[in-house]
Each structure stands twice: as C-alpha cells, then as structure tokens.
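Q: Here it is, the structure in full.
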Amino acid sequence: MYWYKHFKTFIYSVAITSGFSACKPDVTVNNAQYFDVKGYFGHEADRLTKQHPRVKKTVKHNLDGESQDIAIASWKDELGLFAGSDINKPAWRSSYAVIKRGNTTIYKAKQPDLKTRSITVVNNGKSIRSILIVNHTSNLLYSSTEKLMYYPDSAYHISKVQHVRLLGANSYDIDSKF
C-alpha cells in the first residue's frame, strides 16, 4: 500500500507539471532556408479571404470537365496542396539544391524519395510573378505526379496524374482564374 500511495502522488505531480507545460505559448522558429511555401500560401489564403474574388473554375477528370463561376468558401483549403509542399522541415535542411538564374530561383530535391521534387519561384522585383511546384510519390502499388502552378491575383492550375496498379491511370486538372 505504501508504494501505491507514493505512485499516486508521483502520477498527480506528473499530470500537473505536464498541464503547466501545455499552457506555454507555441514558439515558432522560422529559420527558413528555402522559400517559405507554407507561410506564403497562408498569407495568400488570408488575403484572398478578405478580397472575396469570384473564380471561374474548371475541373476535369480524364478529359471530362465542368466549369463554374464560384466564390471560394475556404481559401486555406483551396490552396492546401500548395501549402502542403513546404520544404522547410528541419530534417530536409540540406536536401534541396538552390539554383538562381536572374529573377528565377529553383529548389530541386537531391534525394529521389522526397515528395516535393522542385519549386520554381519567379520574381518581378520584390513581388512574386509565379510559383511552380512539382510533387511525385511512388510505391509498389501507386504513383502520382502533381504540377501546381500559381500566379498571384490571376490564376492557379493543378494537374495530377495517378497510376494505380491493376486499376490504371487517371488524370485530374483544375484551372481557376480570378
């Protein structure tokens, strides 16, 4: 019984201490070695949410398509594929080669197993003219290639080709102009 009483005290003290540490504010360390994809598209989602632009959106699946003029309900969700291509993870600190040519910067994966294969950012002075992201995933059953193109205040395009073993290939295209 003696050990149970002390074990119970130990459990309570651990629970209280972990509760205090959970109250600490999140500390964000932004040592972005590469282009801050996640931050950029987070700001774009906020900006576009405030502007409420109408979008002419065309969605195609294997060449069958449909177009609509819509208002995007959640720009954060709409630009989620772009933001999800963030390459500024600590584990990938030296995993991308940086190639600069004039107003274009290319971040190219050094290892073939990285999902985000390349990011190309074209600047016009201090503003961004376009971003092209190429993602690729492959395993024994499935392969997928995505091309994500973004033109601020103008358009974005998402092109995805999937090949599932035994089921064949599918292609998806989303064109949005605002």
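For every residue, the table says whether it meets (1) surrounded by fewer than 17 Cβ atoms within 10 Å (Cβ to Cβ); (2) acidic (Asp, Glu); (3) without any contact (Cβ under 8 Å) to a residue 40 or more places away in the chain.
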position: 93; (1), (2), (3): yes, no, no
position: 119; (1), (2), (3): no, no, no
position: 126; (1), (2), (3): yes, no, yes
position: 137; (1), (2), (3): yes, no, yes
position: 146; (1), (2), (3): no, yes, no
position: 154; (1), (2), (3): yes, no, yes
position: 159; (1), (2), (3): yes, no, yes
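Q: Check residue 102 against each of (1) loosely packed, with under 15 Cβ neighbours inside 10 Å; (2) touching a Phe, Trp or Tyr at 6+ places or on another chain (Cβ under 8 Å); (3) over 24 Å from residue 161 (Cα atoms) and name the one condition it does not meet.
A: Answer for residue 102: the failing condition is (2).
Q: With the condition kept exactly as written, say whether any residue in segment 109-117 is modelled with pLDDT of 95 or more, surrounded by 16 or more Cβ atoms within 10 Å (Cβ to Cβ) and within 30 Å of residue 53 (Cα to Cα).
A: The answer is yes; a qualifying residue exists.
Residues checked against (1) hydroxyl-bearing (Ser, Thr, Tyr); (2) within 13 Å of the chain's Cα centre (by Cα); (3) within 16 Å of residue 178 (Cβ to Cβ):
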{"residue": "55", "(1), (2), (3)": "no, no, yes"}
{"residue": "61", "(1), (2), (3)": "no, no, no"}
{"residue": "78", "(1), (2), (3)": "no, yes, yes"}
{"residue": "89", "(1), (2), (3)": "no, yes, no"}
{"residue": "121", "(1), (2), (3)": "no, no, no"}
{"residue": "130", "(1), (2), (3)": "yes, no, yes"}
{"residue": "137", "(1), (2), (3)": "yes, no, no"}
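Q: Got a sec? Which helices (runs of 4 or more DSSP H) wholly within segment 1-97 have at least 3 residues that are at pLDDT below 95?
A: Values: elements: 2-22, 37-51, 75-78, 80-83.
Hits in segment 1-97: 2-22.
Q: Is it true that residue 83 is closer than 23 Å to residue 152 by Cβ and of a type in the set (A, V, I, L, M, F, W, C)? Full working, then the answer.
A: Numbers: closer than 23 Å to residue 152 by Cβ: yes; of a type in the set (A, V, I, L, M, F, W, C): yes.
Yes; evaluated as a whole, the condition is true for this residue.
Q: Still on this structure, I have one more. Taking residue 141 as meeting all but one of (1) surrounded by 11 or more Cβ atoms within 10 Å (Cβ to Cβ); (2) over 17 Å from residue 60 (Cα atoms); (3) touching a residue at least 12 places away in the same chain (Cβ under 8 Å), write down the number of the exception.
A: (1)
Q: Spot the failing condition for residue 145; the list is (1) under 27 Å from residue 68 (Cβ atoms); (2) touching a helix residue (DSSP H, G or I) at 6+ places or on another chain (Cβ under 7 Å), and only one is missed.
A: (2)
Q: Starting from segment 39-50, take each residue that is over 15 Å from residue 155 (Cα atoms) and of a type in the set (Gly, Ala, Ser) and list its partners that are surrounded by 15 or more Cβ atoms within 10 Å (Cβ to Cβ) and modelled with pLDDT of 95 or more, counting only C-beta distances under 8 angstrom and pairs at least six apart or across chains.
A: These pairs meet every condition: 42/76; 42/83.
The values are calculated or read from the model by the stated rules, or taken from the named source; none is laboratory data. For clarity, every value in this text was computed on a predicted model and none was experimentally measured. Backbone-built Cβ (ideal geometry, glycine too); neighbour counts: all protein chains shown.
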